[in-house]
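The values are calculated or read from the model by the stated rules, or taken from the named source; none is laboratory data. None of these values were measured; they are calculated from a predicted model. Note that each Cβ is placed from the backbone with ideal geometry, even for glycine, and that neighbours are counted across all protein chains shown. Remember, those area values only see protein heavy atoms, side chains included, never the ligands or the DNA or RNA. Shrake-Rupley method; radii C 1.70, N 1.55, O 1.52, S 1.80 Å.
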Amino acid sequence: MFRGQYDNDVTVWSPQGRLFQVEYAMEAVSLGTACVGLKSKDFAVVVGLSKPTIEMGLSQPKITSIDQHVGICIAGITADARVLGTYLRTECHTYKHTYGSLYPIQRLVNNLGNKMQISTQRYDRRPLGVGLLLAGYDDKGSHLYQVMPSANVFNCKAMAIGNRSQGARTYLMKHQDNFQLCSNDELICHGIQAMSYAASIDEPLKLSIGIVGKDQPFKILTPVESLSYQKTCKPPDTSDLSWFPETLKEFDSSAASTADSAPGPSAPRTETNSQPNLSVTPKTSKNQVDNKKSS
């Protein structure tokens, strides 16, 4: 049945029980550039992939500071993100003026979800087509929340949203056990590694990075600082790494085991090759060898 009969109003359900207006808003999030968020015990980091400046005359901010203890990374319609950002800032400033303390993160996110829920059940509103990764720190520790246009709120250890974010989610799922004890530098490096799986290889990697944590107000890194992290924290298939977190050195385990099991005399270790090679050589299966021989 043609969905145009049921997608004109957010309060009209299709015969299959679907709200097409909400689904359209969710699709807007998946079309936005990717965002990655992850947290440790004391820090929370968000990394956003910015569009190249040649595609637009004005650079749109990917990460926005809400208060000194919380910030957001957006994927979707920027205008809707401004509406939510203004609401969050107003809530934080009102709470600080009334109680003289910082707004608890969990309560702030719950109120945001209630506000977004109203847009999905009133005929004179439309769902906000933006997804948020909210990073914050309060008395209960670091927090990372995913907020979707359907008003669903998820408390996450790590999450990636936006276009081509499946590869980043796979990376985060694989290494989520290492995040809890990471330092701020290691956490940023993990975020850049995850974002490298969501970025296009044909475009330069332009990232926006925000961090908040214990004794660390929310800070958006400058382009120079972001570029410095990108240069020192490269994908694991490169061999010229000058610095790499301890938690990511399992990438070298497979390469080291392959080198030890290889027959023939090994080259003597010198001062020039004393630094371990962190590159990973992909293994070739037997089927791939047979295909090469047959071709």
Two-site FRET efficiency, Ser183 against Asn114, from Cβ-Cβ distance with R₀ of 35 Å, rounded to 0.05: 0.50
Long pairs among Lys174/Lys214; Lys96/Lys174; Lys96/Lys214, criterion Cα-Cα beyond 31 Å: Lys96/Lys174
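Quick one: putting +1 on the C-beta of Lys and Arg, -1 on the C-beta of Asp and Glu, what dipole do you get for region 20-231 around its Cα centre, in Debye to the nearest 20?
Approximately 280 debye in magnitude.
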In range of the label at Lys140: residues from region 146-179 whose backbone nitrogen is under 20 Å from the point 7 Å along Cα→Cβ: 146-148, 151-159
Solvent-accessible surface (1.4 angstrom probe) belonging to Tyr87, in square angstrom, nearest 10: 50 Å²
Approximate spin-label separation Thr78-Arg125, in nm, with each point projected 7 Å along Cα-to-Cβ: 2.5 nm
Distance between region 21-36 and region 169-238 - C-alpha centres, whole angstrom: 22 Å
Built amide H within the under 5 Å cut-off of Val130, gap 5+: Ile77
Relative contact order for region 116-238, counting Cα pairs under 8 Å that sit 6 or more residues apart, in percent: 18 percent
For region 60-74, 3J(HN,Hα) per residue [Karplus equation, 6.51 cos²θ - 1.76 cosθ + 1.60, θ = phi - 60°, Hz, x = Gly/Pro]: 8, x, 8, 10, 10, 7, 9, 8, 5, 10, 7, x, 10, 10, 10
